[in-house]
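Below is one structure, written out as structure tokens, with a few remarks after it.
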């Protein structure tokens with residue numbers, strides 16, 4: 001039985017008057033891939049961002065309920081969000097490499113967290129790029145700008161950048177929606193490998209992707225988490241009619 005890594009309890013989120021997330025209760029398992037599916041605007045990305053407090057950056061947001069990481073409430077007073085986001089890394093929909101060299105993109109986080117020694121940085125950069133399955137493609141162009149990479153390579157570089165600070169959890173917000181099928185497959189294969197070391201949570205609008213890569217799936221609809229179960233159960237034996245209708249393509 002996998003241990004719980006993140007637990008949300010009675011989580012509500014408001015944008016001003018808009019009740020965007022409604023009493024979400026979820027246990028996210030350690031070292032597994034959990035996928036959030038549902039139609040556009042149903043709250044899945046908003047929920048993902050509550051898990052590392054990215055929504056704090058939006059002025060009108062109000063959050064009620066608790067989110068715990070290894071039993072610690074991440075919204076309690078005095079939580080250092082910089083440290084929290086080191087533990088819970090994030091990869092976005094559009095690849096967003098920094099306008100600097102490939103090497104400096106990956107070394108950026110470790111440097112901020114105090115690692116200055118070149119040999120140590122070299123080791124972290126190589127390990128992270130290998131973990132993101134891109135080292136062999138870029139090893140001869142480390143000093144070149146990351147912006148010269150293809151979209152799929154840029155996204156794997158962003159994953160390497162997230163891994164460089166040794167997170168425990170990796171949040172991915174539709175990480176393949178801007179990519180071609182071959183790059184998408186590489187990132188899907190990568191997620192399957194990453195879960196041996198990390199807890200991976202992914203938002204995807206692609207149900208086939210959720211079925212292929214995740215161990216657990218949550219279905220969201222209009223801010224409500226309708227159903228959460230193992231991926232096999234959700235796709236083969238959904239308990240809620242709305243889940244079944246979405247999965248069979250009756251709406252969405």
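The values are calculated or read from the model by the stated rules, or taken from the named source; none is laboratory data. Predicted model, so just to flag it, every value in this text is computed and none were measured. Counting neighbours? That spans all protein chains shown, and the Cβs are built from the backbone with ideal geometry, glycine included.
Observations, loosely collected:
- Subset of the stretch 117-147 [assigned to a helix (DSSP H, G or I) and touching a strand residue (DSSP E or B) at 6+ places or on another chain (Cβ under 9 Å)]: 146
- Candidates 194, 185 - the one that is within 21 Å of residue 129 (Cβ to Cβ) and touching a residue at least 40 places away in the same chain (Cβ under 8 Å): 194
- Matching option when the condition is at pLDDT below 95, surrounded by 19 or more Cβ atoms within 10 Å (Cβ to Cβ) and under 21 Å from residue 151 (Cα atoms), among 185, 179: 179
- Any chance residue 194 is touching a strand residue (DSSP E or B) at 6+ places or on another chain (Cβ under 6 Å) and within 24 Å of residue 220 (Cβ to Cβ): yes
- Tallying residues that are in a loop (DSSP other than H, G, I, E, B), touching a helix residue (DSSP H, G or I) at 6+ places or on another chain (Cβ under 7 Å) and surrounded by 15 or more Cβ atoms within 10 Å (Cβ to Cβ) within the stretch 64-97 yields 3.
- Test: residue in the stretch 158-174 that is closer than 17 Å to residue 91 by Cα, within 19 Å of the chain's Cα centre (by Cα) and surrounded by fewer than 18 Cβ atoms within 10 Å (Cβ to Cβ): yes
- Listed by first and then second residue, the pairs with beta-carbon distance under 6 Å, at least 6 apart or on different chains, first residue in the stretch 57-78 and at positive phi and at pLDDT 95 or above, second part of a strand (DSSP E or B) and surrounded by 12 or more Cβ atoms within 10 Å (Cβ to Cβ), are 65/9; 65/11; 65/12.
- Residue 48 passes every criterion in (1) surrounded by 15 or more Cβ atoms within 10 Å (Cβ to Cβ); (2) more than 18 Å from the chain's Cα centre (by Cα); (3) within 21 Å of residue 227 (Cα to Cα) apart from (2).
- Of all residues in the stretch 197-230, those being within 14 Å of the chain's Cα centre (by Cα), surrounded by 20 or more Cβ atoms within 10 Å (Cβ to Cβ) and either on the phi > 0 side of the Ramachandran plot or outside any strand (DSSP E or B) (or both) number 5.
- Residues (in a loop (DSSP other than H, G, I, E, B), under 20 Å from residue 32 (Cβ atoms) and within 25 Å of the chain's Cα centre (by Cα)) located in the stretch 231-252: 238
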